[in-house]
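Remarks on the structure that follows.
The values are calculated or read from the model by the stated rules, or taken from the named source; none is laboratory data. Fair warning: this is a prediction, and the values are worked out from it, not measured in the lab. Cβ: placed from backbone, ideal geometry, glycine included. Neighbour counts: every protein chain shown.
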Amino acid sequence: MSSESSINAAINLDHVLSDIRTHAVEAGRNPVDILLVAVSKTKSMQEIRAVYEAGQVHFGENKVQELVPKMEEGPEDAVWHMIGALQSNKVKYMAERVDWIHSVPKLKTLKEIDKRAAEAGRVINTLIQINISEEDQKSGCEPDDLREILDEARGMKHIVVRGLMGIASFEEDLERVRPQFRLLRELRDFYATSNDGGVQLEHLSMGMTHDLEVAIQEGATMVRVGSAIFGARDY
């Protein structure tokens, strides 16, 4: 990565953080309540370090095979988030280091995370992914499945379900995604009244580059932003 690219990444990060602060204040919220997760998928460790040196600590990856080497090579105090579709048989590869898993789609996966975290002597922060867009290609459980997952999670010792995650449909008219984000917030608020043990619902991971503003208006506490920071992805 050239020094010019590093400067651009730092400038981009500052712009994104400024946008988050502006949207939060306009929505009557405290900007410190919103965490930026920089989505670094397909980006090199050199690019990640440039953004890290500009002050970003939280990074998100979509694939386990890309996440694992980055966790090993990256800054020791970086906080790593698994945000992509997750199969239960891949959990074992990241359980010793990953800090957050946003994309838990079902009870089987949550049980596997609890098992692997126990083997590693850790407690892993998790979020249950809800299919808020009702699109077949999107991962996540149905809202009606959430109660069973949370009931089981309360007794788990090596995970904490810290909230919910959702990916909205891509819409030119952002008002069309507002009900999807609102559904996620309403689900979190409803089930947070019975927090106990391994269930401590506080977070909403929702909103990306194009729908950031609406997500913040609807209560996002974690936003996942990639291209606005790193530039276009290399596929």
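Some notes on this structure:
- In summary, Leu86 fulfils each of the numbered conditions (1) farther than 21 Å from Leu146 by Cα; (2) in contact with a Ser or Thr (Cβ under 6 Å, 6 or more places away or on another chain) with the single exception of condition (1).
- Members of segment 84-109 found to be assigned to a helix (DSSP H, G or I), in contact (Cβ under 8 Å) with a residue 24 or more places away in the chain and over 18 Å from Met156 (Cβ atoms), listed by number: Lys90, Tyr93
- Residues of segment 165-194 satisfying the condition of being without any contact (Cβ under 8 Å) to a residue 12 or more places away in the chain and aliphatic (A, V, I, L, M): Ala192
- Checking each residue of segment 65-83 against the condition of being out of contact with any strand residue (DSSP E or B) (no Cβ under 7 Å at 6 or more places or on another chain), closer than 29 Å to Phe190 by Cβ and not in a strand (DSSP E or B) gives no match.
- Filtered by the rule that a residue be of a type in the set (S, T, N, Q) and surrounded by fewer than 20 Cβ atoms within 10 Å (Cβ to Cβ), segment 89-116 gives a lone residue, Asn89.
- If you go through segment 199-215 and pick out every residue that is surrounded by fewer than 19 Cβ atoms within 10 Å (Cβ to Cβ) and hydroxyl-bearing (Ser, Thr, Tyr), you end up with 1.
- Condition met for Leu174 (surrounded by 15 or more Cβ atoms within 10 Å (Cβ to Cβ), within 22 Å of Asn30 (Cα to Cα) and among the aliphatic types (A, V, I, L, M)): no
- Near pairs, Cβ below 9 angstrom, 6+ apart or cross-chain, from segment 203-220 (under 16 Å from Leu17 (Cα atoms)) to any residue that is of a type in the set (Asp, Glu) and part of a helix (DSSP H, G or I): Gly207/Glu213; Leu212/Asp19; Glu213/Asp19; Glu213/Glu26; Val214/Glu175; Ile216/Glu26; Gln217/Glu26
- Among the residues of segment 178-220, those that are assigned to a loop (DSSP other than H, G, I, E, B) and either more than 20 Å from Leu36 (Cα to Cα) or among the basic types (Lys, Arg) (or both) comprise Thr193, Ser194, Asn195, Gly197, Gly198.
- The set of residues from segment 137-159 being at pLDDT 95 or above, buried (at least 16 other Cβ atoms within 10 Å of the Cβ) and in a loop (DSSP other than H, G, I, E, B) comprises Met156, His158.
- Segment 110-136: number of residues that are touching a Gly at 6+ places or on another chain (Cβ under 6 Å), in a loop (DSSP other than H, G, I, E, B) and among the β-branched types (Val, Ile, Thr): 1
- Of the residues Ala27, Ala38, the single one that is at pLDDT 90 or above, farther than 18 Å from Met71 by Cβ and touching a helix residue (DSSP H, G or I) at 6+ places or on another chain (Cβ under 9 Å) is Ala27.
- Single residue of segment 43-64 satisfying the filter (among the acidic types (Asp, Glu) and not in a strand (DSSP E or B)) that is surrounded by the fewest Cβ atoms within 10 Å (Cβ to Cβ): Glu53
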